[in-house]
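Heads up, the thing below is written out as structure tokens.
The values are calculated or read from the model by the stated rules, or taken from the named source; none is laboratory data. In this text the structure is predicted, and so the values were computed from the model without any measurement. Methodologically, a virtual Cβ is constructed for each residue, glycine included, from the backbone with ideal geometry; neighbour enumeration extends over all protein chains shown. For accessibility, only protein heavy atoms count, side chains too; no ligands or nucleic acids. Shrake-Rupley method; radii C 1.70, N 1.55, O 1.52, S 1.80 Å.
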Amino acid sequence: MYAEQTTAVINQVKLTLELPGDSPEKAAAIEKTRQLTNAWVAKYRRDKGITGRPSYGNVYSALNAVSGHYNNFGTKYPLPAKRKDRVMQEFGTAEIALSRGR
């Protein structure tokens, strides 16, 4: 269950970040990303069996960066390239850990 939900959150964030800024689906994608992120964090933040996993740390860090950007700068400003690269790197590391059951 954790692996499937985490993969779904990762895929949604990646989809949102890849949409062009003028895309009509951008606002809806950001809202869906916020909802999935909030639900994922609320569900797993206090679960000691999950928070110790490497994948959790990577995903949590990436989601925090994305959410913080949208909360501070709104939905009209794209994620800076440097931050986006770091988020994608965190997701890549998390996906490897998830594939290993970690």
Once Lys and Arg are counted +1 and Asp and Glu -1 for all other residues with Cβ under 15 Å from that of Gly68, the total becomes +4
Using only the Cα atoms of the chain, what do you get for the radius of gyration and for Dmax, in Å? 13.2, 41
At a threshold of 8 angstrom on Cα-Cα distance, excluding pairs fewer than six apart, so keeping six or more, what relative contact order does the chain reach in percent? 33 percent
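Could you compute the net charge surrounding Glu18? Neighbours are other residues with a C-beta less than 12 Å from the C-beta of Glu18; K and R count +1, D and E count -1. Working shown, then result.
Working: positive: Lys14, Lys26, Lys84; negative: Glu25.
Once positives and negatives cancel, what remains is +2.
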Which one of Thr75, Leu36, Pro24 has its Cα pushed farthest toward the positive end of the charge dipole of the chain, where Lys and Arg give +1 and Asp and Glu give -1 at the Cβ? Leu36
Helix 81-99 against the longest principal axis of the chain: what's the angle in degrees, Cα atoms only, rounded to the nearest 10? 30 degrees
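Probe of 1.4 angstrom, ligands and nucleic acids ignored: what's the accessible area per residue over the chain, in square angstrom?
Numbers: 6150 Å² over 102 residues.
About 60 Å² of surface per residue is accessible.
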Expressed in angstrom and rounded, the centroid-to-centroid distance over alpha carbons for the range 80-98 and the range 1-35 is 14 Å
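Above 19 angstrom, tally the Cα pairs of the range 49-102 and express them as a % of all pairs, no decimals. Mind dumping the intermediate values first?
Numbers: 461 of 1431 pairs.
Within the range 49-102, distances greater than 19 Å cover 32 percent of Cα pairs.
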Cross-link reach from Lys48 to lysines, straight Cα distance under 28 Å and at least 8 residues apart if same chain, gives Lys14, Lys32
